[in-house]
Each structure stands twice: as structure tokens, then as C-alpha cells.
1. Given H placed 1.01 Å from N in the peptide plane, which residues other than close sequence neighbours of Gly168 have an amide H under 5 Å from its amide H?
2. Over what distance in Å are the Cα centres of region 539-581 and region 427-493 separated?
3. In degrees, nearest 10, range 0 to 90: what is the angle between the Cα axis of helix 63-87 and the longest Cα principal axis of the chain?
4. Take the residue pairs Lys43/Lys530; Lys32/Lys529; Lys56/Lys426; Lys238/Lys529 and return only those whose Cα atoms are more than 31 Å apart.
5. Between Asp458 and Leu320, with labels modelled 7 Å along Cα→Cβ, what's the label distance in nm to one decimal, could you check?
6. Sort 356-369, 517-530 for me by packing, meaning the mean count of neighbouring Cβ atoms within 10 Å per residue, highest on top.
7. What nm distance separates the two modelled labels at Asn249 and Ala534, each placed 7 Å from Cα along Cα→Cβ?
8. Over all alpha-carbon pairs in region 3-578, figure out the percentage whose distance exceeds 45 Å.
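Derivation of every value follows stated rules applied to the coordinates shown; laboratory data play no part. Predicted, not measured: the structure shown is a model, and the values here were computed from it. Positions of Cβ are generated from backbone atoms using ideal geometry, with glycine treated the same way; all protein chains shown enter the neighbour counts.
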Amino acid sequence: MTGNGYFQLALYLITLIGLAWPLGLYMARVYKDEIPGFMRWLKPVENLVYRLTGVKPGDDMPWTRYAFAMLAFNLIGFLAVYLLQRFQVWLPLNPEGLGAVTPDSAFNTAVSFATNTNWQGYGGETTMAYLTQMLGLNVQNFVSAATGMAVLVALMRAFTRREAGGVGNFWVDMVRSTLYILLPLSLILSLALVSQGVVQSFSAYEKAALVQPYAQAETTVTEQVIAVGPAASQIAIKQLGTNGGGFFNVNSAHPLENPTPLSNFLELLAILLIPAALCFTFGRFVGDMRQGGAILAAMTVVFTALLAVCVWAEQSGNPLFDRLGLATGASEMQAGGNMEGKETRFGVVNSALWATATTAASNGSVNSMHDSFTPIGGMVPMWLIQLGEVIYGGVGSGLYGMIVFALIGVFIAGLMIGRTPEYLGKKIEAFEVKMAAVAILIPPLVVLVGTALAVGLDVGRAGIFNPGAHGFSEVLYALSSAGNNNGSAFGGLSANTPFYNTLLGMAMLLSRYWLMIPVLGIAGSLAAKKIVPAGSGTLPTHTPLFVLLLVVTVLLVGALTFVPALALGPVVEQLQMLGVK
């Protein structure tokens, strides 16, 4: 890798942490109802929303009511997106006259956007009308992200309460997440993207005359249809809310969705900005910034290590080219490495960085084709998904997932010394460990059982276009993406079929809510407990030793669960590429 490549990676990480710190402190003030002066002008808007909806901000909900409100709200969102797709042919803002989406595809997409997964089995510019994109998908980008943030706030709040019966108000947490955080950041990013040439229009699709017409069937094609639409506003929140799901079919590889290196940098930064910032929010919320710093350090260690592996694998290229005498090394004048499936305006480093960031978070957007990565290069994003979307992770969901791993870590440490484990002054007992076990085990169960069904049934195998280990990797990646609410795809799999739409839709539903509900159960249990003063036997949870314990806990769970499946896919394919027999 060249010096320019190292500079790009260093600039990204430094900028990310530098912006995350003030944003995290700002979000802590928002959730504590200490709105900074420069944003207080939105307070009347917040109060108006409560009056119009009948919400009582002081109503403190037990965790069961909080969970019910969350599920009911998400169910309404699912139904709204489903109906918009089914009836879009008769609705306005459909200049291309796009027809109704099929029932199985509409179900899959509605589940996908309600669960913050944003898996796309369709081509956006050929399937979704402007109204469906804006009122359905774009609105869900906001509220599904805010849902994850609200659940995290309930958990953070639980650590600060003593013998309390409630964990906060779901509606208040949702409104504040949307109004004070997601909307302002999205507006700023949207304007920045428009300045770079990202399209934002309600016009009908444009047409351009071809310089060289060509024959197709019995006609001569003389012009190209160029899809446009209100894309910039959707791209901003899809990145900031770790939603993913592009306006166009090829996502952020599309020149009207991500036209320049600067737009690429801004969109990349937006993927991890809020998840990283929430670590600082957590530290301020619990009154000890070192706690948030320890979690952020654990995330960054794993992210940086796997990013290095992915960049190395892609920069090394395909050894088969070396045997043919083709120069594939990187230099100041040549990108080098494996450029298949990558945009020349971004190159290997930015493509590998995006693939790693989008799968570390539950984002799922892409600026290159993961299916064209080398086997080890493609295994990195797949394994990041399988770790549980906790290396930064989704907005809210990544941090509460990592806190669950922290509870498991202190439980293991407690077993070693024969002492009841504690975390942030709260004793971790049987109920918390059981709920943590459910939250950790459900996604791998969904992924592995779903993969087994897909490769074991004729209807599942019929959608695999590539034979052998690579075809298995495509199925495993798809189920991993759905089962951990990521949304990215390898490609090479015909997923827009009734079988895969239903299977992946059920995987998204189970993995999202069977993680949220146990987390809220943990929050309710912790809020009801006393705060125990730290003693000589208390495990410090802000030290490098705890960071190491947390990293090992995450990696062991991921390794022990998925290594056999990975061995059947990318590992075998890597050996085949190297010529090992």
C-alpha cells in the first residue's frame, strides 16, 4: 500500500474520533433534557408534537410498556411501508408510472426498513416511486434509527437509577432522537452532498442520446434513460442512521448517489459517526467518561485490525495474475491489487474501508461489489456482521449489543474469582445473564438455521448462480446480513424470490426484536436495583485489561459460532485461489 493509502485511513479515523467526541456530549445533554442554547428553538416543536399525539413526557414506563410501545410503533411503520408499495401505482409522485410491488417483495422491504436492516432485493429506480421512497423508506430510515437509539437510552438510564420502576418514556426518547439529532445532521449532510452533485429532484427521468446506437432484438436503441429523484435527502439519513439501502440499485457506487471522493469521504464518515459518538454519550450519562472510552477502544481495536486484513487482502490482488506475469502491485501511478468490482474514483483502499465500515456498523450501503472481493477480503465484512454488529454497530443497537457483551465479560470474570459480578454499580445476576444469552444466541441461530435451509432445499439452491464454495459464501453472507440487520449483500444470489423474500424477512424480524426485548428486560431489571459502591473486589471496567477481556469475549463468541461455516466458504475458496489441493 502506498503512503497515500495510509494517509486516507489515518485521516478517516482521526476525523471520526475528533467529531464523535463533541457530538456524543451533545447527545447526552439532549437525552438528559439539557438542550443546548443553540437548539432550544426546537423545544416548542417538541412540546407541540407531545400535545398533538397525547404523549405525557413525565410518564415513566416500566420496561414492558416501553417494549410494547416500541413494537406497536414498528408494526404501524411496517404496515405503512407495505401498503405504500402495494398501492403506489395509483398514488402521486410516480412520474415513471411504476407498478405495484409484488406481495413477497413488499413484505421483505417493509420488514427490512422497519428493522433498520434495509436489505434490498429490488432495483430502486425501477421499482419504487418517489412517494414510496420518501414517505415509506425515508421516514423509516429516521424512525427505525431512532428506535435503536431509544432502546439504548433506556438501558443507559437504568444504570443511573436506584430501585426505579421505569426506564423512561419511549415516545419522548424517539422524538428527541429524531428532532434534535437525526434531522439536523441529515439536513447538513444533504446540503453537503447536493454541493458535490448528488441528485435531488422530483423531475421525470432524463434521457440522453447515445453516441453509438446499438441493436437490441428487433429495435435500435438510440437513447439512455437516466434515473433521477430526491436522492440526497435519503442518502444522508441512510448513512447517519446506519440504515443503508440506496436510492439507486447499485447504491453508493452510483455516480448520482456518490459522485466524488469528497462525497465518498462524507458518506463514509456518516456511517460510524453516531455509533462512535454514542460511546461518549454513554460515558457522560453514567458519570464516568472512562467507561465509554473503554468500549470505544475495544470497538476501535477490532475494527482497525480487521480493516488492515481487508485492505491487505484486496491490495495483494489475485495471485493468478502474478503467475500470468501481469503487474498488480500498487504504486503512485497505479492502484494495483484487486480492482474487480471497484470504482476507479475510489480505488482499493476506500473500497475496503467502506466495506469494513458498513459491516462494522449495521449500515449495509456499498461503494463496491463485495462479491468481487478476494475470499479473505470478503470474509472480513462477513465476519464483522457475524460478530453481532457491535464493532461500532448500528445507531443505538451497536452500543447496547456491546454492553450485553460487557455483562457477559464481567460475569465470566466473576466466575473466575467466585464473586457476584458488578457492572457500573449494578449486580449482574441470573436474570441479566439469561437475557444477555438470549440476545447473543438468537442472531447466530437465525443465520445458521436459515443458511442450512437455503442450501438444503431445492428452492434455495435454485437462486445460487455460482457453484462451490463461493456460492455457499453468497448464501451465508445473505443470511448473516439479514440475521444481524446489516443489509449489504455479496450479490450473485437471486434473492428477489418468494422463498428468499420470506426467509430473509423472517430472519430480520427475529434478530431485531429478539435482541431489543431482552435488552429492555435487562434495563428494567437494572433500574430496579440499588447501586452498589465499588469495593476492593470490584472489577474495574475502564482499564486496558477490561478492554482486552471485552475484545476476547466478542471474538470468541464470533469465532466459536461461525468458524465452521466460514471454513466451508471463504477459507476453502482462498485455498483454491492459492492453488492448495
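1. Close amide H contacts, sequence-distant or interchain: Met61.
2. 16
3. 20
4. Numbers: Lys43/Lys530 33 Å; Lys32/Lys529 21 Å; Lys56/Lys426 29 Å; Lys238/Lys529 37 Å.
Check vs 31 Å cut-off fails for Lys43/Lys530; Lys238/Lys529.
5. With each label placed 7 Å out from Cα toward Cβ, I get 3.2 nm.
6. Values: 356-369: 28.6, 517-530: 22.8.
Final packing ranking: 356-369, 517-530.
7. Going from the Asn249 label point to the Ala534 one covers 5.6 nm.
8. Values: 21410 of 165600 pairs.
In whole percent, the share of Cα-Cα pairs in region 3-578 beyond 45 Å is 13.
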